[in-house]
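Read the structure below first, then the notes.
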Amino acid sequence: VGSGGSTAAAGPGAVSAEALESGTASAAHRRLKYISLAVLVVQNASLILSIRYARTLPGDRFFATTAVVMAEVLKGLTCLLLLFAQKRGNVKHLALFLHEAVLVRYVDTLKLAVPSLIYTLQNNLQYVAISNLPAATFQVTYQLKILTTALFSVLMLNRSLSRLQWASLLLLFTGVAIVQAQQAGGGGPRPLDQNPGAGLVAVVASCLSSGFAGVYFEKILKGSSGSVWLRNLQLGLFGTALGLVGLWWAEGTAVARRGFFFGYTPAVWGVVLNQAFGGLLVAVVVKYADNILKGFATSLSIVLSTVASIRLFGFHVDPLFALGAGLVIGAVYLYSLPRGAAKATASASASASGPCTHQQPPGQPPPPKLSSHRGDLSTEPFLPK
């Protein structure tokens, strides 16, 4: 009885402290969520705009294959530094960890060769597409990767989509078709060295490779306990090697004659840095945000790219483009809605059934609510680009 009285007496203070700590953690999590989403919006839009700007500047044009290789190198070095920090700066522990993860478990490492090849191809195709399409048109058309990812998920993972998701995919395809029809009809003046047909083929191929690589990753790495930074480091190793092979095959003679960093300007280095750390940013966003907010971020990046294209490149927005872009933005939101709604419904059901199955003794403080935090980022499965 004395123990119970003591607990009850201490109860109000304990509850207040716990509530204060929970509220502080919730507020911090909310801030991180919106900060990460804001950064993602800026990164998505700025990457497309910066590539477009760097590829259309007068003067010497840099080699896209070298930019892809440099992005992979920087991504790998960043992941190596993060792993080094996780090992508390112990070089020996890091070396043993990498030897075990990369060489001893070489089968798992080799599994990453295929998606790395696909991502290297995808990155090169993005340069081709953006060089031949307006930034806003590319940003809208590139959302076809949602459609390709969904289709590969159904075919390779036997997933089922809701009716709303199928409807949103149809809406997405319709919006992209309208935008491409507007582009083919001559939506505004374009430079003579640009080929919209080649740009469309490149962006569609990039979307197909993105969808397949993402689903392939999920299939082979599902349940893996590997660090997300380790997976990115392994990808960076393969990406660098495969990128160098592609460089030698496509532009080897020109690079040997003019140099690896030919045409590099501060704008080009900005593109390389943006592309290198963009994939790592996705991990942070997935950790703190949900599908609905990511859909909003994608939609906002389309709007931001369009507005910036009007100011920077003289892009002309006619009613046909506005209609297509609006359909794509709506489709992105609708496709992300069912998953978030399902999670919310499941959480609400669990909360509603909780008191019936686990009654709290009178006078005892309620158990702390489960955090919405996704866990330690270092132990989550790899997050595709």
Here the qualifying pairs (Cβ atoms under 8 Å; residues six or more apart or on different chains; first in the range 254-278 and at positive phi and open to solvent by 30 Å² or more (accessible area, probe 1.4 Å); second acidic (Asp, Glu) and not in a loop (DSSP other than H, G, I, E, B)) come out as none
Residue check: is Leu96 within 19 Å of the chain's Cα centre (by Cα) and open to solvent by 30 Å² or more (accessible area, probe 1.4 Å)?
-> no
Assess whether Trp248 counts as being aromatic (Phe, Trp, Tyr), over 21 Å from the mean Cα position of the chain (by Cα) and either closer than 30 Å to Ala101 by Cβ or in a loop (DSSP other than H, G, I, E, B) (or both).
-> yes
If only one of Val15, Val39 is part of a helix (DSSP H, G or I) and at pLDDT 80 or above, which one is it?
-> Val39
Please enumerate the residues belonging to the range 63-92 that are modelled with pLDDT of 90 or more and either part of a loop (DSSP other than H, G, I, E, B) or touching a strand residue (DSSP E or B) at 6+ places or on another chain (Cβ under 8 Å) (or both).
-> Phe63
Matching residues in the range 105-148 - criterion: being of a type in the set (S, T, N, Q), surrounded by fewer than 24 Cβ atoms within 10 Å (Cβ to Cβ) and more than 16 Å from the chain's Cα centre (by Cα) = Thr109, Asn124, Ser131, Asn132
Spot the failing condition for Pro58; the list is (1) without any contact (Cβ under 8 Å) to a residue 40 or more places away in the chain; (2) under 23 Å from Val228 (Cα atoms), and only one is missed.
-> (2)
Given (1) open to solvent by 10 Å² or more (accessible area, probe 1.4 Å); (2) in contact with a helix residue (DSSP H, G or I) (Cβ under 9 Å, 6 or more places away or on another chain); (3) not β-branched (Val, Ile, Thr), index of the condition Gly59 fails = (2)
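The values are calculated or read from the model by the stated rules, or taken from the named source; none is laboratory data. Keep in mind it's a predicted model, so treat the numbers as computed, not measured. A quick note on method: Cβ atoms are made from the backbone with ideal geometry, for glycine too, and the neighbour counts reach across all protein chains shown. What goes into the accessible areas is simple: the full protein's heavy atoms, side chains included, and nothing from ligands, DNA or RNA. Shrake-Rupley method; radii C 1.70, N 1.55, O 1.52, S 1.80 Å.
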